[in-house]
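Q: What follows is a single structure, and I will ask about it in a moment.
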Amino acid sequence: MCNDYRLKVDVASIAEDFADLKIKIRFGEGSPNIEAREDIKITDVAPIVRTIDGVRGEGDVVQRRWSWPGQNKRPVYNFRSEGREFISNRCLIVADGFYEFTDPTEKGKKRKDKWLFTKRDEPIFCIAGIWRETKDVGEAFTMLTMEPGPDIAPYHDRQIVILERDAWVDWLDPSVPAQSLIRSLRPGTLQVVQVG
């Protein structure tokens, strides 16, 4: 399951992409200093766009930790979406790529093969997420997961929920049923290349 993703675009580009969709971006905690990163890993701090209560068409960009400690103290970095509605604390996790790992195809190779997935013809995409306040780490977010779509199924038996661009504003509106927005992408939407 996704435990590593990428974001190499700056905050101005993110705000511009959201503006194209008529989503006004706010910086309630000031404009974050978002550095380009090839690998954002579990427990790293990264940008998310959160719902502004009661305001449709706006989102607040903040930096938060990816994962909160579960009951067994293991990090909760992925969260099953099936059968849940998520009527509060929704967020969009901004990315321009994510990685999956498979058993090595090369004989004698010890490390797993690393595959980079990007969205065809889109500089960024958003992963459906939720956030919560915890006593251990403060506010943190996790990625929602679902059954794999056709582009991911050859690599993993689950996938993160990647929202179509026209669903971003609806994800930030908790009155829109979550299950109406969680669906597989069309075949060929994601490009994949081996990077390790």
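The values are calculated or read from the model by the stated rules, or taken from the named source; none is laboratory data. Small disclaimer: the values here were computed from a predicted structure and weren't measured. Methodologically, a virtual Cβ is constructed for each residue, glycine included, from the backbone with ideal geometry; neighbour enumeration extends over all protein chains shown. Areas reflect the complete protein model, heavy atoms only, side chains present, ligands, DNA and RNA absent. Shrake-Rupley method; radii C 1.70, N 1.55, O 1.52, S 1.80 Å.
Q: Loosely packed, with under 15 Cβ neighbours inside 10 Å and closer than 20 Å to F18 by Cβ: does that describe P174?
A: Judged against the criteria, P174 is not a match.
Q: With under 14 Å from the mean Cα position of the chain (by Cα) and among the aliphatic types (A, V, I, L, M) as the only criterion, which of V192, V161 stands out?
A: It is V161.
Q: Can you tell me which of D170, D166 is modelled with pLDDT under 95 and assigned to a helix (DSSP H, G or I)?
A: Only one candidate passes the filter, namely D166.
Q: Please specify each residue of region 28-50 satisfying the condition of being among the hydrophobic types (A, V, I, L, M, F, W, C) and touching a helix residue (DSSP H, G or I) at 6+ places or on another chain (Cβ under 8 Å).
A: Within region 28-50, I34, V49 meet the criteria.
Q: Next question, about the same structure. Find the residue count for region 86-118, including only residues that are closer than 23 Å to P154 by Cβ, open to solvent by less than 10 Å² (accessible area, probe 1.4 Å) and not hydroxyl-bearing (S, T, Y).
A: Of the residues in that region, 6 qualify.
Q: If you scan region 121-136, which residues turn out to be surrounded by fewer than 17 Cβ atoms within 10 Å (Cβ to Cβ) and modelled with pLDDT of 95 or more?
A: Once the filter is applied, which keeps residues that are surrounded by fewer than 17 Cβ atoms within 10 Å (Cβ to Cβ) and modelled with pLDDT of 95 or more, region 121-136 yields R132, E133.
Q: Another question, if that's okay. Looking only at residues in region 40-59 that are of a type in the set (D, E, K, R), more than 20 Å from V137 (Cα to Cα) and surrounded by 13 or more Cβ atoms within 10 Å (Cβ to Cβ), which one is nearest to the chain's Cα centre (by Cα)?
A: E58
Q: Which ones in region 112-134 are in contact (Cβ under 8 Å) with a residue 12 or more places away in the chain, touching a strand residue (DSSP E or B) at 6+ places or on another chain (Cβ under 9 Å) and more than 12 Å from V195 (Cβ to Cβ)?
A: K119, R120, I124, F125, C126, I127, A128, G129, I130, W131, R132, T134
Q: Please go through region 19-39 and pick out each residue that is surrounded by 16 or more Cβ atoms within 10 Å (Cβ to Cβ) and closer than 14 Å to A95 by Cβ.
A: Residue satisfying the conditions is I34 alone.
Q: Restricting attention to region 63-85, which residues are over 12 Å from M143 (Cα atoms), in contact (Cβ under 8 Å) with a residue 60 or more places away in the chain and open to solvent by less than 50 Å² (accessible area, probe 1.4 Å)?
A: Those that are over 12 Å from M143 (Cα atoms), in contact (Cβ under 8 Å) with a residue 60 or more places away in the chain and open to solvent by less than 50 Å² (accessible area, probe 1.4 Å): R64, P69.
Q: Ok, one more. State all residues of region 1-39 that are over 18 Å from the mean Cα position of the chain (by Cα) and modelled with pLDDT of 95 or more; if no residue qualifies, say none.
A: None - no residue of region 1-39 is over 18 Å from the mean Cα position of the chain (by Cα) and modelled with pLDDT of 95 or more, so the list stays empty.
Q: While we're here: Give me the residue from region 1-36 that is touching a residue at least 40 places away in the same chain (Cβ under 8 Å) and acidic (D, E) and, out of that set, farthest from K119 (Cα to Cα).
A: D4
Q: Against the definition (open to solvent by less than 30 Å² (accessible area, probe 1.4 Å), of a type in the set (K, R) and either more than 29 Å from I34 (Cα to Cα) or in contact (Cβ under 8 Å) with a residue 60 or more places away in the chain (or both)), how does R158 come out, yes or no?
A: yes
Q: From the list I152, I182, exactly one residue is open to solvent by less than 70 Å² (accessible area, probe 1.4 Å), among the hydrophobic types (A, V, I, L, M, F, W, C), free of Cβ contacts under 8 Å to residues at least 60 places away in the same chain and not in a strand (DSSP E or B). Which is it?
A: Testing whether each residue is open to solvent by less than 70 Å² (accessible area, probe 1.4 Å), among the hydrophobic types (A, V, I, L, M, F, W, C), free of Cβ contacts under 8 Å to residues at least 60 places away in the same chain and not in a strand (DSSP E or B) leaves just I152.
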